[in-house]
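Single-structure report; data block below.
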Amino acid sequence: MLGLNSRDFKLLMIVIFMTLAAPILLNPFPVDSALGESFNAGYPALMQRFVIFGLLAVGFNILFGLTGYLSFGHAAFLGVGSYAAVWMFKLLSYNIIPAMLASVIVAALFAVVIGYVCLRRSGIYFSILTLAFAQMSYALAYSVLSPITNGETGLQVYADDPQVLMSAGDPVVPHLFGWEMNSSVTWNVGGWQFVFQNGYYLAAICMIIGFYISIRIFRSPFGLMLRAIKSNQTRMSYTGMNTKPYMLAAFVISGMYAGVAGGLMSAMDPLTGAERMFWTASGEIVVMAILGGVGTLIGPVLGAGIIKYLENIISKINSDILHNWFAFMPDWMDNLLVNILYPFVGKGWHLTLGVLFMVVVIFLPGGLVQGGQKLGALFSRKSKSSDSDATTAGTANTNTPAE
Amino acid sequence: MGILEVKGVNKRFGGLQALGDVNLSVAENTVHAIIGPNGAGKSTLLNVLVGKLIPDSGSVMFDGQSVLGRKPHEINQMGISRVFQTPEIFADLSVMENVMIPCFARRDGAFRMHAIGSVRNEGDIIAQAEAILADVNMLAKRDMLASALSRGDKRRLEMAMCLVQEPKLLLLDEPTAGMARADTNNTIDLLKEIKEKRDITMCIIEHDMHVVFSLAERITVLAQGTPLVEETPENIKGHPKVREAYLGEAQV
């Protein structure tokens with residue numbers, strides 16, 4: 001189906017179902033319950049982040065997962081895409097079509113230039129070069145380029161902006177031919193409340209399309225060449241392949257994904273600043289991909305979702321909530337547990353992320369996807385011992401188009 | 001006029017004259033061996049032929065065209081394939097994928113953006129790859145990861161990857177280095193079989209005299225960067241100059 005084998009098609013269907021049903025799946029608890037306040041994640045602002053960062057990680061994975069070239073400056077493309085989109089809002093109108101097109105095109109051009117320079121080196125030097133470029137972009141956006149980026153204030157739409165395509169009666173928020181990004185339908189069922197927001201669904205559809213394209217790239221001859229470059233560049237050139245254009249193409253495609261993600265961020269909220277390009281943002285993308293599973297199809301999406309979920313959930317927890325959880329225990333035990341856990345929640349959520357990251361990298365070098373496969377292998381061995389071969393073959397399969 | 005003509009090639013590394021006025025002519029459809037003691041410049045010469053090194057002076061003509069100044073992938077596209085001393089294969093890919101890549105290189109050239117169609121639908125590439133794997137008796141291992149192969153099989157796989165491109169000239173850099181006698185004999189048989197089946201010129205750099213005398217039709221002896229003699233195997237064995245420079249230290 002859709003040019004995919006049954007395995008990939010199933011994966012795509014799961015992703016489509018999960019993203020489209022996310023407003024329901026992520027709100028498993030009634031809205032007013034204690035659990036709901038702590039663990040529900042089905043509100044639009046957070047779900048938008050899931051899919052936008054998912055898209056970003058999927059694109060990053062095309063570069064890092066397939067070719068092994070670790071870009072440490074991917075946030076630069078995200079930032080450039082955001083700026084391009086806001087400029088389209090300022091110059092033309094709030095319609096997101098020209099904005100999205102602009103963010104892809106500008107990010108692609110930017111990636112051609114940066115890629116051309118950085119790909120002269122490989123390994124750690126490539127990473128450092130990309131990092132340097134991203135930090136330069138960040139610094140420029142704050143200083144010299146202030147007329148374009150509006151410096152520290154951040155770029156936003158003002159009432160006196162030209163907006164030449166805007167006619168009276170058009171929405172004054174980002175919209176797709178009148179379909180406003182921030183309007184939503186709320187569905188109350190008993191104590192549960194589900195919010196279906198236009199903006200989320202637009203971002204989700206972009207993510208699904210991006211994910212589908214990435215599957216096609218992974219299974220294509222182009223994807224095979226990229227994996228061959230990762231495996232042995234020497235053999236690649238002695239086989240008559242010019243590795244440079246392959247690498248540059250992968251870099252630009254990856255940058256375009258980040259451009260779309262940046263454009264979507266602006267479409268959700270037409271305000272952007274240079275901090276989107278800061279190196280910690282680039283680092284976050286790397287962590288997402290590695291946590292989920294580099295080189296696997298679903299890993300980066302999974303990593304992005306988990307990090308954004310934990311960021312929101314854990315940083316909301318404070319000592320009162322912890323005391324509530326352990327209220328049934330004797331006081332001394334309650335206090336002890338709260339004292340132990342407190343540094344890991346609220347503002348300290350990065351500590352939890354750090355521990356999780358270390359555990360994953362040490363015990364599951366293949367990321368959470370590998371963890372899932374190990375679990376799967378364990379269960380299928382219990383149910384049918386003859387099947388275990390097929391599952392271990394599946395470990396290699398996530399990045400092998402042979403099946 | 002041979003398919004490969006090396007004329008007056010010099011290469012100097014600092015104070016060391018690695019290649020001094022090397023002339024070499026490899027005739028089409030022959031097996032030509034280059035032998036010589038350690039440090040004779042064999043590997044330097046090979047690296048010049050594949051574009052990894054650029055000589056200080058001289059000319060290297062292949063099939064009527066100069067190879068000097070071309071990149072390794074361009075030289076490969078001209079029809080020169082190289083087998084390395086330690087097999088250079090795509091260790092993280094399956095055996096089948098390893099041989100499919102040279103098939104793509106041959107069909108699509110050095111670069112082609114082919115990002116949407118699936119590899120599974122490339123019928124002709126798959127057929128070619130399967131045919132060459134059958135040729136080297138590795139079809140049963142097609143789905144194995146290349147890194148899991150035995151050393152001998154890695155060598156076979158690399159050979160298959162080179163052969164599937166149907167090169168005009170196959171360069172072999174010590175193809176039996178570090179092999180047990182049995183594996184060495186297998187490799188000799190494999191090379192003989194290849195030679196029988198197709199029109200191919202081979203240029204072998206080798207230490208092992210057993211391999212050289214089993215395969216070569218012409219032999220060039222290098223010593224200290226300069227060719228001493230070029231002769232048939234029968235004449236090489238008794239050649240006084242060769243004995244002095246080389247065979248004196250190895251019993252034949």
Test for B:Ser94: is it crowded, with 22+ Cβ neighbours inside 10 Å, among the polar types (S, T, N, Q) and facing another protein chain (nearest Cβ under 8 Å): no
The stretch B:128-149, residues that are over 17 Å from B:Phe104 (Cα atoms) and in a helix (DSSP H, G or I): B:Ala134, B:Asp135, B:Leu139, B:Ala140, B:Lys141, B:Ala146, B:Ser147, B:Ala148
Residue that is surrounded by the fewest Cβ atoms within 10 Å (Cβ to Cβ) [pool: residues in the stretch B:193-210 that are free of Cβ contacts under 8 Å to residues at least 60 places away in the same chain and over 14 Å from the mean Cα position of the chain (by Cα)]: B:Glu196
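The rows are residues; the columns are (1) of a type in the set (Phe, Trp, Tyr); (2) part of a helix (DSSP H, G or I); (3) buried (at least 24 other Cβ atoms within 10 Å of the Cβ); (4) in contact with a Phe, Trp or Tyr (Cβ under 8 Å, 6 or more places away or on another chain).
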position: A:Val58; (1), (2), (3), (4): no, yes, yes, yes
position: A:Leu63; (1), (2), (3), (4): no, yes, yes, yes
position: A:Leu66; (1), (2), (3), (4): no, yes, yes, yes
position: A:Gly73; (1), (2), (3), (4): no, no, yes, yes
position: A:Ala76; (1), (2), (3), (4): no, yes, yes, yes
position: A:Val80; (1), (2), (3), (4): no, yes, yes, yes
position: A:Val86; (1), (2), (3), (4): no, yes, yes, no
Breaking point among (1) surrounded by fewer than 18 Cβ atoms within 10 Å (Cβ to Cβ); (2) part of a helix (DSSP H, G or I), for A:Thr186: (2)
Residues within the stretch B:174-206 that are under 17 Å from B:Glu88 (Cβ atoms) and assigned to a helix (DSSP H, G or I), tallied: 1
Selection within the stretch A:347-375 - of a type outside the set (A, V, I, L, M), free of Cβ contacts under 8 Å to residues at least 40 places away in the same chain and touching a helix residue (DSSP H, G or I) at 6+ places or on another chain (Cβ under 6 Å): A:Trp349, A:Gln373
In the stretch A:149-189, the residues that are small (Gly, Ala, Ser), at positive phi and out of contact with any Pro (no Cβ under 9 Å at 6 or more places or on another chain): A:Gly151, A:Gly154, A:Gly169
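Table: residues versus (1) out of contact with any Ser or Thr (no Cβ under 8 Å at 6 or more places or on another chain); (2) more than 24 Å from A:Val252 (Cβ to Cβ).
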position: A:Tyr94; (1), (2): yes, yes
position: A:Val112; (1), (2): yes, no
position: A:Thr130; (1), (2): no, no
position: A:Met136; (1), (2): yes, no
position: A:Leu145; (1), (2): yes, no
position: A:Thr153; (1), (2): yes, yes
position: A:Met166; (1), (2): no, yes
position: A:Asp170; (1), (2): no, yes
Cβ-Cβ under 8 Å pairs, at least 6 apart or on other chains, the stretch A:234-248 side more than 7 Å from chain B (Cβ to nearest Cβ), far side in a helix (DSSP H, G or I) and of a type in the set (Phe, Trp, Tyr): A:Leu248/A:Tyr116
Residue that is at pLDDT below 95, assigned by TED's automatic domain parsing to the domain that holds A:Asp170 and either surrounded by fewer than 20 Cβ atoms within 10 Å (Cβ to Cβ) or more than 16 Å from the chain's Cα centre (by Cα) (or both), where the choices are A:Leu46, A:Leu101: A:Leu46
Every pair of residues 6+ apart whose Cβ atoms lie under 7 Å, when the first sits in the stretch A:322-337 and is within 21 Å of A:Glu37 (Cβ to Cβ) while the second is part of a helix (DSSP H, G or I) and aromatic (Phe, Trp, Tyr): A:Leu322/A:Tyr342
Any hit, the stretch B:110-130, residues being more than 8 Å from chain A (Cβ to nearest Cβ) and either touching a residue at least 60 places away in the same chain (Cβ under 8 Å) or under 19 Å from B:Ile205 (Cβ atoms) (or both): no
Flag if B:Asp173 is within 23 Å of A:Asn242 (Cβ to Cβ), surrounded by fewer than 18 Cβ atoms within 10 Å (Cβ to Cβ) and acidic (Asp, Glu): no
Search result, residues across the stretch B:50-91 that are facing another protein chain (nearest Cβ under 9 Å), charged (D, E, K, R) and touching a residue at least 24 places away in the same chain (Cβ under 8 Å): B:Glu74, B:Arg82, B:Glu88
Evaluation of A:Ile253 against (1) within 10 Å of chain B (Cβ to nearest Cβ); (2) over 28 Å from A:Leu2 (Cα atoms) (one fails), failing number: (2)
Restricting the stretch B:216-231 to residues that are crowded, with 22+ Cβ neighbours inside 10 Å and not in a strand (DSSP E or B), the residue that is modelled with the highest pLDDT: B:Ala216
Positions within the stretch A:200-217 being within 14 Å of chain B (Cβ to nearest Cβ) and either more than 15 Å from A:Ser254 (Cβ to Cβ) or in contact (Cβ under 8 Å) with a residue 24 or more places away in the chain (or both), in sequence order: A:Ile209, A:Gly210, A:Tyr212, A:Ser214, A:Ile215, A:Arg216, A:Ile217
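The values are calculated or read from the model by the stated rules, or taken from the named source; none is laboratory data. Treat the numbers as computed from the prediction; the structure is a model and nothing was measured. Note that each Cβ is placed from the backbone with ideal geometry, even for glycine, and that neighbours are counted across all protein chains shown.
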